[in-house]
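Visitor: Okay, here's the structure, questions in a sec.
Every number here is computed from the coordinates shown, using simple stated rules; none is lab data. Keep in mind that this is a model prediction, so the values were computed, not measured. Heads up, the Cβs are rebuilt from the backbone with ideal geometry, glycines too, and the neighbour counts pull from every protein chain shown.
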Amino acid sequence: MARPDKVAEVETIAQYLGKAQSIILADYQGMTVEQMTNFRSKCRENNVVCRVVKNRLAKIAADQAEIPGLKEYLTGPMALILGPESQVEPAKLAVEFAKTVQALQVVGGYMDGAYLTSDDVVALSMIPSRDELYAKMMGSINSPLTGIVGVTNGVIAALTRAVDAVAKQKAAA
């Protein structure tokens, strides 16, 4: 008979897995409590969930969330970094933090029904965030309009200078 606290933990993990757009697996062995606390704080600031769970419970939760491919990669001390709002943000956070804290090792990930290797996660982390992509798209949309305004202002300014030169010329004559 399963203990109620473990059943509740499995349900919680399954909910997180079900809502996650991407899942990053990281080996946290060797990190200090302070480093892990800092990492979790950064995750919370960016609406990313970082959970350290028992692999046995995570495997059961993966079955409940219908993510069967994840089970075989849950070995050793593993932190689940879950992105309920973004596919890219968990990868960015994990890779950036792993650069400063050598103890955190990105093992892989899971997104859109496929397992990601650690190299795939690094490549995913290089993709601009949704906000950056929106800003670039808006810049691309604005660029032609800005050019049209510049050309129109240039024509009007040239016309104004020409009329002013003609007026000065007639005033001198």
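Visitor: How high is the relative contact order of the chain, given as a whole-number percent (alpha carbon pairs under 8 Å, six or more residues apart)?
Guide: Relative contact order comes out at 26 percent.
Visitor: Can you tally the lysine pairs in the chain where the Cα-Cα distance is under 22 Å and the two residues are eight or more apart, or on different chains?
Guide: Pairs that pass both the separation and distance tests number 14.
Visitor: Scan around G108 for amide H atoms under 5 Å from its own, H built in the peptide plane at 1.01 Å from N, and keep only partners 5 or more places away or cross-chain.
Guide: L25
Visitor: Which order do the peptides 68-76, 127-135, 151-159 take when ranked by the mean count of other beta-carbon atoms within 10 Å per residue, highest first?
Guide: Final packing ranking: 68-76, 127-135, 151-159.
Visitor: Starting from 0.36 nm per residue, how many nanometres of slack lie between A2 and D120 once their C-alpha separation is accounted for?
Guide: 38.8 nm
Visitor: For a protection proxy built on the mean count of beta-carbon atoms within 10 angstrom, sort 78-85, 33-40 highest first, please.
Guide: Order by mean packing, descending: 78-85, 33-40.
Visitor: Where does the chain land at 222 nm, in deg cm²/dmol rounded to the nearest 500, when only DSSP H runs of n ≥ 4 count, each adding -39500 (n - 2.57), divided by all residues?
Guide: Calculated at 222 nm, the ellipticity per residue is -20000 deg cm²/dmol.
Visitor: Let me ask another. Who wins for biggest fluctuation among S22, S118, S140 in a Gaussian network model of the chain, springs between alpha carbons below 10 Å?
Guide: Of S22, S118, S140, the most mobile in the Gaussian network model is S140.
Visitor: Eigenvalues of the Cα gyration tensor times 5, then square-rooted: what semi-axes does that give for the chain, in whole angstrom, largest first?
Guide: 57, 17, 13
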